[in-house]
Amino acid sequence: MKKILLFCLVFVLAGAMVFAKGSPEPAAGGGAKIGAGRTLVVGIWGAQQETIVREHVLKAFEAETGAAVELVLGGSSDRAARIYSELENPSMDVVYLNMAQTAQAAADNAILPPNPARVPNYESLYPIAKSVGGYGVALMAVGLMYNTNVFKTPPDSWTVLWDSANKGKVAPFVFPGTQGTAFLVMAAKVHGGSEANIGPGFEAITKLKPFPLLASGIDELNLAFKNGDVWLAPQIDGYANDYKDQGGPVGFVLPREGAILSMNCAAVTKNSKNADLAEIWINYHLGQPCQEAYARELKYGPTNSKVTLPGDLSAKVVYGDAAVSRLQRLDDATVTKNQSAWTDRWNREILNQ
């Protein structure tokens with residue numbers, strides 16, 4: 001009888017050891033990690049952005065939560081379409097979108113509203129980074145790129161483009177597009193118009209003819225600045241400052257009338273089964289390490305007002321209250337509604353030199 005009891009005891013102990021080996025490892029506090037056995041799916045751009053989040057978000061996230069991460073790389077237009085087609089059962093938990101896409105998704109209830117209780121860094125965001133219904137993660141500005149061989153003192157106003165001395169040396173970007181749309185709207189605004197009254201913008205840009213270039217790419221515009229063919233152009237701050245760092249004869253300013261905001265955002269998809277993990281991920285993205293890496297590697301300004309950047313870097317991105325206050329958000333609804341008509345008018349009045 002004793003041998004039978006001893007055998008049963010050994011069998012029970014062995015079974016318990018096997019069960020324990022297959023269970024999630026306990027966290028430091030004694031319980032299983034929140035993400036053990038789960039996978040967070042994140043839709044994001046590739047290249048440098050993938051590299052940055054792998055280093056400064058993914059590692060810390062996996063260590064804290066115990067969850068695995070799958071990155072789905074691609075463009076934001078594809079992600080925006082998928083969150084609508086997969087509304088009831090989303091394949092992605094976190095989606096990175098542009099500002100207009102985020103605002104539309106929020107209006108359509110396709111993403112979850114911000115949750116400051118689970119994303120503590122949300123409270124430190126600049127108001128403009130909270131304005132779209134998701135989480136602003138990177139600030140960019142369409143301002144004025146100028147030729148430092150010509151302008152020893154940086155121009156501080158959009159109106160300098162219409163000075164007679166600069167005739168034939170201003171290069172607009174093609175329309176539609178980020179820079180082209182921003183420039184059309186700013187041209188309207190400094191001549192008494194707006195998104196709702198775009199006529200003054202078309203009239204003003206027509207007066208800049210002949211154009212040395214209608215820019216459609218970064219490299220061709222940089223070459224035109226290097227050759228002296230272009231003195232002034234609307235451009236995204238990061239592109240201008242990257243070329244400056246490469247030795248290009250250019251500078252960049254946020255004109256006193258303002259610059260058009262461009263912002264990348266993150267959001268949690270509606271009906272995500274991993275919304276709790278998604279919020280932890282986004283909070284890491286809004287922290288100092290990731291925000292600083294975006295500024296250093298991509299010249300994207302931090303959206304977290306408490307992030308600190310060294311002086312050599314802070315001058316190359318949108319950084320600080322003064323710079324952020326100059327950013328103007330486009331009336332995206334009006335732009336979207338009128339884009340087709342504006343494109344037709346652009347083709348008739350601007351392309352026809």
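The values are calculated or read from the model by the stated rules, or taken from the named source; none is laboratory data. Given the structure is predicted, the values throughout are model-derived calculations rather than measurements. As a convention, Cβ positions derive from the backbone with ideal geometry for all residues, glycine included, and neighbour counts pool all protein chains shown.
What's the number of the only condition in (1) within 21 Å of Asn98 (Cα to Cα); (2) assigned to a helix (DSSP H, G or I) that Val317 fails to meet?
(2)
Yes or no: Lys270 within 30 Å of Thr39 (Cα to Cα), in contact (Cβ under 8 Å) with a residue 12 or more places away in the chain and either in contact with a His (Cβ under 7 Å, 6 or more places away or on another chain) or not aliphatic (A, V, I, L, M) (or both)?
In short, yes.
List every residue pair whose Cβ atoms sit under 7 Å apart, with the two residues 6 or more apart in sequence or on different chains, where the first one lies in the stretch 336-353 and is on the phi > 0 side of the Ramachandran plot and the second, anywhere, is surrounded by 10 or more Cβ atoms within 10 Å (Cβ to Cβ).
none
Inspect the stretch 260-274 for any residue being farther than 27 Å from Leu112 by Cβ and of a type in the set (Gly, Ala, Ser) and give the result as yes or no.
no
Can you tell me how many residues within the stretch 26-54 are farther than 17 Å from Ile280 by Cβ and assigned by TED's automatic domain parsing to the domain that holds Asn283?
Of the residues in that region, 8 qualify.
Only residues that are buried (at least 24 other Cβ atoms within 10 Å of the Cβ) and assigned to a helix (DSSP H, G or I): list them for the stretch 252-276, please.
Selection gives nothing.
Name the residue, out of Ala187, Ala138, that is under 21 Å from Leu214 (Cα atoms) and in contact with a helix residue (DSSP H, G or I) (Cβ under 7 Å, 6 or more places away or on another chain).
Result: Ala187 is the single residue among Ala187, Ala138 that is under 21 Å from Leu214 (Cα atoms) and in contact with a helix residue (DSSP H, G or I) (Cβ under 7 Å, 6 or more places away or on another chain).
Please enumerate the residues belonging to the stretch 245-282 that are basic (Lys, Arg) and over 30 Å from Glu70 (Cβ atoms).
Result: Arg256, single match.
Give Val119, Val95, Val132 a once-over and let me know the one that is modelled with pLDDT under 95 and either among the aliphatic types (A, V, I, L, M) or more than 27 Å from Arg296 (Cα to Cα) (or both).
Val132
Mind listing whichever residues of the stretch 15-46 are exposed (fewer than 10 other Cβ atoms within 10 Å of the Cβ) and modelled with pLDDT of 50 or more?
Within the stretch 15-46, Gly30 is the sole residue that qualifies.
Please report, ordered by residue number, the helices (runs of 4 or more DSSP H) entirely within the stretch 48-153 with at least 2 residues that are among the basic types (Lys, Arg).
Output list reads 76-85.
For Gly201, state whether it is within 18 Å of Met263 (Cα to Cα) and buried (at least 20 other Cβ atoms within 10 Å of the Cβ).
No: the conditions fail for Gly201.
Just to check your reading of the model, which residue among Gly168, Gly193 is touching a Pro at 6+ places or on another chain (Cβ under 6 Å), surrounded by 19 or more Cβ atoms within 10 Å (Cβ to Cβ) and without any contact (Cβ under 8 Å) to a residue 60 or more places away in the chain?
Answer to the selection: Gly193.
Which of the residues spanning the stretch 207-251 are touching a helix residue (DSSP H, G or I) at 6+ places or on another chain (Cβ under 8 Å) and part of a loop (DSSP other than H, G, I, E, B)?
Answer for the stretch 207-251, where residues must be touching a helix residue (DSSP H, G or I) at 6+ places or on another chain (Cβ under 8 Å) and part of a loop (DSSP other than H, G, I, E, B): Lys207, Leu208, Pro212, Leu213, Val230, Trp231, Gly248, Pro249.
Of the residues Ser157, Ser124, Ser164, which single one is among the polar types (S, T, N, Q) and more than 26 Å from Ala204 (Cα to Cα)?
Ser124
Can you name the number of the only condition in (1) part of a helix (DSSP H, G or I); (2) more than 24 Å from Thr336 (Cβ to Cβ); (3) acidic (Asp, Glu) that Glu203 fails?
Among (1) part of a helix (DSSP H, G or I); (2) more than 24 Å from Thr336 (Cβ to Cβ); (3) acidic (Asp, Glu), Glu203 violates only (2).
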